[in-house]
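All remarks here apply to the structure that follows.
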Amino acid sequence: DLSRDGRFVASASDDTTVRLWDFDSGLGVRVFRGHTDMVNAVAFSPDGAFLASASYDQTVRVWEVETGRERHRLCKHTGFVGTVGFSPDGRFLASAGGDSTVRVWEVESGNERLALHGHSGVVWHVAFTPDGSRLASAGWDKTVRLWNLDTLAAGKTLSGLNDFVYAVAFSADGDLVAGGSYDGEVRVWKVSDG
């Protein structure tokens, strides 16, 4: 992942570490150690203060970028964690993976705010709407699911893809959501009517 200010690149590794690199020089800045299995994904908070990592060790870790200190170790997943993503305001962190759940955490406290159930297989990617009111998740069950974070209600299940969905993203205005599947197909839905 690239920090919003363009200073750093973070990488996940199968050697259990997360590494921070200086974007301009390409030199390593810091190594974050603590995971006990392969790290699948990393994400910077919008302000660049925190870095989250998702691992096969069934944890999400939140690191302080400047000090390298582990701020939180989040342990409610019962399978590998494959993805993490911050809300646009940086208050929340979403994670998902092998236990078919999507979990939303409060970044400041590290407390779990929501556990979202509905997928019937691995969840590979999550994305917040630009206003942070909704979350989309992409799953091996060939669906994209929308979750309404304001009302804490499950939203629409978007289907029509023919293979595992690996990626999901919202348009800048939040009116469209795209899902990309393993077979190379991308489908775009209008959020208001599915």
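Taking (1) closer than 24 Å to Val29 by Cβ; (2) crowded, with 22+ Cβ neighbours inside 10 Å; (3) without any contact (Cβ under 8 Å) to a residue 40 or more places away in the chain in turn, Arg73 satisfies each apart from (2).
Those residues that are closer than 18 Å to Asp141 by Cβ, open to solvent by less than 70 Å² (accessible area, probe 1.4 Å) and either touching a residue at least 12 places away in the same chain (Cβ under 8 Å) or touching a Gly at 6+ places or on another chain (Cβ under 7 Å) (or both), I need them from segment 168-187; list them, please.
Across segment 168-187, the qualifying residues are Val168, Val177, Gly179, Gly180, Ser181, Glu185.
Among the residues making up segment 17-61, those that are open to solvent by 50 Å² or more (accessible area, probe 1.4 Å), charged (D, E, K, R) and in a loop (DSSP other than H, G, I, E, B) are Asp24, Arg33, Asp37, Asp47.
Considering every residue within segment 97-105, establish whether at least one is closer than 17 Å to Trp147 by Cβ, among the aliphatic types (A, V, I, L, M) and touching a strand residue (DSSP E or B) at 6+ places or on another chain (Cβ under 7 Å). Yes.
Going by what's in this entry, would Trp140 be described as under 12 Å from the mean Cα position of the chain (by Cα) and in contact (Cβ under 8 Å) with a residue 12 or more places away in the chain? So Trp140 does not fit the description; no.
The values are calculated or read from the model by the stated rules, or taken from the named source; none is laboratory data. The structure displayed is predicted, hence computed values, not measured ones. All Cβ positions, glycine included, derive from the backbone under ideal geometry; neighbour counts span all protein chains shown. Surface areas here come from the heavy atoms of the whole protein model, side chains and all, with no ligands, DNA or RNA. Shrake-Rupley method; radii C 1.70, N 1.55, O 1.52, S 1.80 Å.
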